[in-house]
Number of protein chains: 2
Amino acid sequence: MDMMFIQKLKFDRKGLIPVIIQDINKGKVLMLAYMNKEALKRTIKLGKTCFWSRSRKKYWVKGEESGNYQIVKEIYFDCDGDTILIKVKQLGKGACHEGYRSCFFRKMIKSGNYKIIEKKVFDPKKVYKRNTE
Amino acid sequence: MDMMFIQKLKFDRKGLIPVIIQDINKGKVLMLAYMNKEALKRTIKLGKTCFWSRSRKKYWVKGEESGNYQIVKEIYFDCDGDTILIKVKQLGKGACHEGYRSCFFRKMIKSGNYKIIEKKVFDPKKVYKRNTE
């Protein structure tokens, strides 16, 4: 039987729910990815985030390739039950497969253009063999 | 012509993109909602968040009913261009239509159950006439 927590969640027609990942220490939003029910159960059991990759159609433990695992600290869900928020301890230097701390490294500027506002903290070519995480 | 910022974004098959709303002061994640391209343009023009309601199929300026507007401070997008993060100044006492500061007021506890970890900061019945925001 599902845990009561999971029963409250509404997965979409593809069986997915968006999951916001936030750094528990600094409050930085690191990324957004998707889980199905099984990925959520694996996340809870493993204590590390596990997502469903929509493009590769497979389970994906964040950090399995890079070592940049996300240790689950707190799990929340929203009023509508259709979004999850997980606060994590981010291992390694960053969450983003492009080598930044956060995936949200591009910021809109007044002209309507954008700029990169974070420094690269690691070299993705050295960290990812397939650069797919 | 679209701003360069918008050209980088990937809207899904329904023309939508998920938008994480974060309090710029305390870093609290307040909610997640969806924008289409027009809602994003309205958000930028207005300086207040405007979403597309998937259930009501209409544009929806957050705060139009409650007064709890979200003043846009910073807009980011992620490495894949399929998620937006907006940092806001949250007006009023809270973002959640159930009367909490954040929509993520329920937290998983060890038993697999959950508990409400925020205090209600306003009475939704008094703030929302239709309770639909």
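The values are calculated or read from the model by the stated rules, or taken from the named source; none is laboratory data. The model shown is predicted, which means the values in this text are computed figures rather than measured ones. FYI the Cβ positions are ideal-geometry reconstructions off the backbone, even for glycines, and counts take in every protein chain you see.
Here are a few things to note about the model shown:
- Qualifying residue in the range B:21-32 (condition: under 20 Å from A:Ala95 (Cβ atoms) and either out of contact with any strand residue (DSSP E or B) (no Cβ under 9 Å at 6 or more places or on another chain) or without any contact (Cβ under 8 Å) to a residue 12 or more places away in the chain (or both)): yes
- Residues (surrounded by fewer than 18 Cβ atoms within 10 Å (Cβ to Cβ) and either under 15 Å from the mean Cα position of the chain (by Cα) or at the interface with chain B (Cβ under 8 Å from one of its Cβ atoms) (or both)) located in the range A:7-17: A:Lys8, A:Leu16
- Filtered residue count, the range B:49-80, keeping only those that are buried (at least 16 other Cβ atoms within 10 Å of the Cβ), part of a loop (DSSP other than H, G, I, E, B) and either more than 9 Å from chain A (Cβ to nearest Cβ) or among the β-branched types (Val, Ile, Thr) (or both): 7
- The residues on offer are A:Ile109, A:Ile116, and the sole one that is in contact with a strand residue (DSSP E or B) (Cβ under 7 Å, 6 or more places away or on another chain), modelled with pLDDT under 95 and within 12 Å of chain B (Cβ to nearest Cβ) is A:Ile109.
- Within this structure, A:Ile86 fails the test of being within 11 Å of chain B (Cβ to nearest Cβ) and more than 29 Å from B:Arg13 (Cα to Cα).
- Answer residue from the range A:121-133, given it is assigned to a loop (DSSP other than H, G, I, E, B) and out of contact with any Lys or Arg (no Cβ under 9 Å at 6 or more places or on another chain) and is nearest to the other protein chains (Cβ to nearest Cβ) among those: A:Tyr128
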